[in-house]
Amino acid sequence: MDTRALSTVSSDASIEQVVDIIRRDGGVIIADFVSPATLKSLTDELDSYLKVTPCGVDPYFAGTQTRRVARIIGRSDTAVEVALHPLFLGTARQILQTPTHVWVGSDRIEMAPDIQLSITQAIQIGPGQGLQPLHRDDATSLWRHPQYGREARLQMMLAISDFTEENGATRVIPGSHQWDDERMPTQEETVAAQMKAGSALLWIGSVYHGGGANTTDSPRTGLTMAYDLAFLRLEENHFLSIPVERVRQLPGAMQRLLGWSASSTLLGWVEIDGQMRDPQELLGMPAFSEPGKGF
């Protein structure tokens, strides 16, 4: 069958334009998503971890010729800037924060769900790595299609090196976000998200995709991040993987996106002095990070 190719827009595209394309195709490529200086900084920071990380042992999904490094926000200042990129964050908010309403007694209250940074991972596909099985990323939350009426995730893959058909560019099935859960994806329906280093692929969690096969002699490196609805469990456990001392150094917006906040629906509160309080308050309490002490 004919498969629609992925569209590419420039980094000065509006959030509305990006959202429209994603809602139509399921994903879009943003050319020159980060500057050359940001790309170099990321490359240097990530290489220091990737070069000492062994390849995986899972021959089916993670890959035995693929290196994966997580805890990126705890390890890279530049990655924090990428996570807060206005086009990435703005698109995530517009797609995921679909408003709804709830009744509290006789009050009909309009609300929109919060979002959270669910996963950060540098992925380096080495020579000889085969195709990754096609999957939907929202399967981590057992999301069903189409009956929930809202998306669960917006994901980004930033090309640290060039992504080509031959070196393992992410493979995507445009339009597959409109499929129900009975339709099986096939590799013949995929297209390669070919892009230059510094460009990024944005796609929603209901799109079938997978890592490509690397038939070259050089690795393909990318940085992936995803924003999820905040009422879903984080894919990566930031609370254990990022020390509180590092969290305190981050911008307040990043702290909240890592889960250090109470949502508008009160998810995530902590008890402080008998009161339901926002976790942001804990970040100002020195005793919180001292062994053997509570708050």
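How far, in nm, would the chain grow between Ala112 and Thr186 when pulled straight, counting 0.36 nm per residue and subtracting the alpha carbon separation? Mind dumping the intermediate values first?
Details: separation 74, 0.36 × 74 = 26.64 nm, distance 3.52 nm.
Full-extension gain reported as 23.1 nm.
Whole number in Å², please: accessible area per residue of region 3-116, 1.4 Å probe, ligands, DNA and RNA not counted.
Averaged over the residues of region 3-116, the accessible area is 52 Å².
Quick one: divide the alpha-carbon radius of gyration of region 139-294 by 2.2 N^0.38 Å and tell me what you get.
Values: Rg = 19.8 Å, N = 156, 2.2 N^0.38 = 15.0 Å.
Ratio of Cα Rg to 2.2 N^0.38 Å: 1.32.
For the chain, give the percent of accessible area contributed by carbon and sulfur heavy atoms, probe 1.4 Å, rounded to a whole number.
Ligands and nucleic acids excluded, carbon and sulfur give 53 percent.
Suppose a student asked you for the relative contact order of the chain, using Cα pairs under 8 Å spaced at least 6 residues apart; what percent would you report? Write out the running numbers ahead of the final one.
On the way: 608 pairs, mean separation 68.1, N = 295.
Worked out over the chain, it gives 23 percent.
What FRET efficiency comes out for the pair Asp162/Leu240, r = Cβ-Cβ distance, R0 = 41 Å, nearest 0.05?
0.75
Divide by every residue of the chain the summed helix terms, -39500 (n - 2.57) for each DSSP H run of at least 4, and state the resulting mean residue ellipticity at 222 nm, rounded to the nearest 500 deg cm²/dmol. Can you show the working numbers first?
Details: 8 runs with 64 residues, N = 295.
It lands at -6000 deg cm²/dmol.
Dipole magnitude of region 18-148 about its Cα centre, charges +1 at Lys/Arg Cβ and -1 at Asp/Glu Cβ only, in debye to the nearest 20? Show your work: numbers first, answer last.
Values: 12 positive and 14 negative charges, 62 e Å.
Using Cβ point charges on Lys, Arg, Asp and Glu, region 18-148 gives about 300 debye.
Please give me, ordered by residue number, the chymotrypsin sites (Phe, Trp or Tyr not before Pro) of region 3-78 that lie in loop per DSSP and have at most 15 other Cβ atoms within 10 Å.
Sites meeting the loop and neighbour criteria: Tyr60, Phe61.
How big, on average over all directions, is the shadow cast by the Cα convex hull of region 162-233, in nm²? Please report the intermediate quantities before stating the final value.
On the way: hull surface 23.9 nm².
With every direction weighted equally, the projected area is 6.0 nm².
Given that compact globular proteins tend to follow 2.2 N^0.38 Å, what is the ratio of the alpha-carbon Rg of region 34-169 to that value? Walk me through the numbers before you get to the answer.
Numbers: Rg = 18.4 Å, N = 136, 2.2 N^0.38 = 14.2 Å.
Working it through for region 34-169, the quotient is 1.30.
Would you mind calculating the gained length between Arg248 and Tyr49 on full extension (0.36 nm times residue separation, minus the Cα-Cα distance), in nm to one decimal?
Gain on extension, Arg248 to Tyr49, equals 69.4 nm.
Averaged per residue, what accessible surface does region 134-229 expose to a 1.4 Å probe, in Å²?
Working: 3400 Å² over 96 residues.
With the other protein chains kept in place, region 134-229 gives 35 Å² per residue.
Report, in debye and to the nearest 20, how large the dipole of the chain comes out about its Cα centre when Lys and Arg carry +1 and Asp and Glu carry -1 on their Cβ. Walk me through the numbers before you get to the answer.
Details: 25 positive and 36 negative charges, 62 e Å.
Around 300 debye, computed over the chain.
Provide the convex hull volume over Cα atoms per residue for the chain, in Å³.
Details: hull volume 43.4 nm³, N = 295.
Value for the chain: 147 Å³ per residue.
Less than 10 Å Cβ to Cβ from Pro127, Lys/Arg counted +1 and Asp/Glu -1: what total charge do the surrounding residues give?
That works out to 0.
Region 146-220 to region 11-64: how many Å between their Cα centroids?
11 Å
The values are calculated or read from the model by the stated rules, or taken from the named source; none is laboratory data. Keep in mind that this is a model prediction, so the values were computed, not measured. Using ideal geometry, Cβ is built from the backbone for each residue, glycine included, and neighbour counts are taken over all protein chains shown. Only protein heavy atoms, including side chains, enter the accessible area calculation; ligands, DNA and RNA are left aside. Shrake-Rupley method; radii C 1.70, N 1.55, O 1.52, S 1.80 Å.
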